[in-house]
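K.L.:
Pasting a structure below so you can have a look.
The values are calculated or read from the model by the stated rules, or taken from the named source; none is laboratory data. Just so you know, these numbers come straight off a predicted model, no measurement behind them. Cβ placement follows ideal geometry from the backbone for every residue including glycine, while neighbour counts extend to all protein chains displayed.
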Amino acid sequence: MNKDHILELMARKLSGEATQEELRELQEHLSADAAAGERSKVLDQFWSRQEDGAHPSVDENLKKVLGGLNLTPTSASIVPIKRRRGWMWAAAMVLVLCCVGALVFVSRRDRSDALASLVEKHNAKGTKSIIQLSDGSKIWLNADSKLKYPEVFKGDTREVYLNGEAFFDVAKSKGHPFIIHLASGTIQVLGTSFNVRAYDNEPVVETSVATGRIAFIPKYRMGHKKEDTVYLAPDHKASFTFDADEVRTSATSSREDKAWTEGKLIFRGMTMEQIAVELERNFGKKVVFVDNGPKTFVFTGSFENNTLDEIMYYLTITKNFSYKITNTELLIAASASQLTN
């Protein structure tokens, strides 16, 4: 589609003079071009403000839009234009704001470049590691987990990105908060130790405090809920359920929550199906249930530096089921006869 024609369609849409056929044609183009779609949203936002009762000038509105996008306009970005009616006035605004749009995308590209420059540590299933950050903070990263962090912290904040489980022992640095970005929210601290379990493929995020205090800010998915902050003290945890957009706090044992850093596995009223997830992560073998019967068995127990075979042996003493370990899999069945093939 010709660029000038696109600008004309955008202008006619803003002024309310576009036909249904023109609107359909424009929408097809915006759906196919993500960049154009983003610029169109900025134009819609600016035009709606321009149509309010105060009728502020174009340059004033532009500064407001740029301010909302956390951008600093240059003198060349603001072009005073006398107010006019109809689509010709909208066309002038389209030309101005399409230029401004370039600043928006440069800013987003800069943020993307910053993320791309981070160091990434990815633990496969069956692998754990300890990471020392440049500020002296120490992180125990669990199996099947990923952490992104800068080689050297710069600026007023210390920010990292987590998918999975990790225990943080954050070094104190006055005026430099430590922020952990999760898919479901953020955690902010100054100097403390705490555990975070935030796997992207699990429906609940949990964080518990060992020492100090933390602030957990959940990212609600439903629009009717406003962002809030949950403050946690030692031996307390917050559990955030995605589907329900619900945060609950409760007392906990921080020693048990971080037990995995010492090679311990603790099961408290967990089903065999839930335990299987932990075993697969810790030992790197795919767990296969030959039948569904054993999935609902409930166990409570604690293991320290045991092998997979030892753990399974003790579990079968408690409940009547069978298992088989191969090079790549852990097979679980109600009877041994189902494992002979």
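K.L.:
Has the range 126-141 got at least one residue that is touching a residue at least 12 places away in the same chain (Cβ under 8 Å), farther than 16 Å from F194 by Cβ and buried (at least 19 other Cβ atoms within 10 Å of the Cβ)?
P.N.:
Within the range 126-141 (the criterion being touching a residue at least 12 places away in the same chain (Cβ under 8 Å), farther than 16 Å from F194 by Cβ and buried (at least 19 other Cβ atoms within 10 Å of the Cβ)), the answer is no, since none of the residues qualifies.
K.L.:
Does I187 qualify as being hydrophobic (A, V, I, L, M, F, W, C), farther than 27 Å from G284 by Cα and in contact with a Phe, Trp or Tyr (Cβ under 6 Å, 6 or more places away or on another chain)?
P.N.:
yes
K.L.:
Just checking, does the range 216-228 include any residue being of a type in the set (S, T, Y), surrounded by fewer than 17 Cβ atoms within 10 Å (Cβ to Cβ), closer than 30 Å to H176 by Cβ and not assigned by TED's automatic domain parsing to the domain that holds T318? Give the derivation first.
P.N.:
Pass one, the range 216-228, residues of a type in the set (S, T, Y): 220.
Adding the requirement that they be surrounded by fewer than 17 Cβ atoms within 10 Å (Cβ to Cβ) leaves none.
No - not one qualifying residue is present in the range 216-228.
K.L.:
Would you tally the residues in the range 268-277 being farther than 17 Å from K324 by Cα and either free of Cβ contacts under 8 Å to residues at least 12 places away in the same chain or under 27 Å from the mean Cα position of the chain (by Cα) (or both)? Steps first, answer last, please.
P.N.:
Narrowing the range 268-277 to residues farther than 17 Å from K324 by Cα: 268-271, 274.
Applying the additional criterion that residues be either free of Cβ contacts under 8 Å to residues at least 12 places away in the same chain or under 27 Å from the mean Cα position of the chain (by Cα) (or both) yields 270, 274.
Result for the range 268-277: 2.
K.L.:
Quick check: is even one residue across the range 275-295 over 30 Å from I187 (Cα atoms), out of contact with any Leu (no Cβ under 7 Å at 6 or more places or on another chain) and acidic (D, E)?
P.N.:
Within the range 275-295 (the criterion being over 30 Å from I187 (Cα atoms), out of contact with any Leu (no Cβ under 7 Å at 6 or more places or on another chain) and acidic (D, E)), the answer is yes, since at least one residue qualifies.
K.L.:
Here is a follow-up. Please go through the range 259-287 and pick out each residue that is exposed (fewer than 15 other Cβ atoms within 10 Å of the Cβ) and either in contact with a Cys (Cβ under 6 Å, 6 or more places away or on another chain) or not polar (S, T, N, Q) (or both).
P.N.:
Answer for the range 259-287, where residues must be exposed (fewer than 15 other Cβ atoms within 10 Å of the Cβ) and either in contact with a Cys (Cβ under 6 Å, 6 or more places away or on another chain) or not polar (S, T, N, Q) (or both): E262, G263, R268, G269, K286.
K.L.:
Moving on. Could you please find all residues in the range 315-334 being under 15 Å from F297 (Cβ atoms) and hydroxyl-bearing (S, T, Y)?
P.N.:
Residues satisfying the conditions are T316, T318, S322, Y323.
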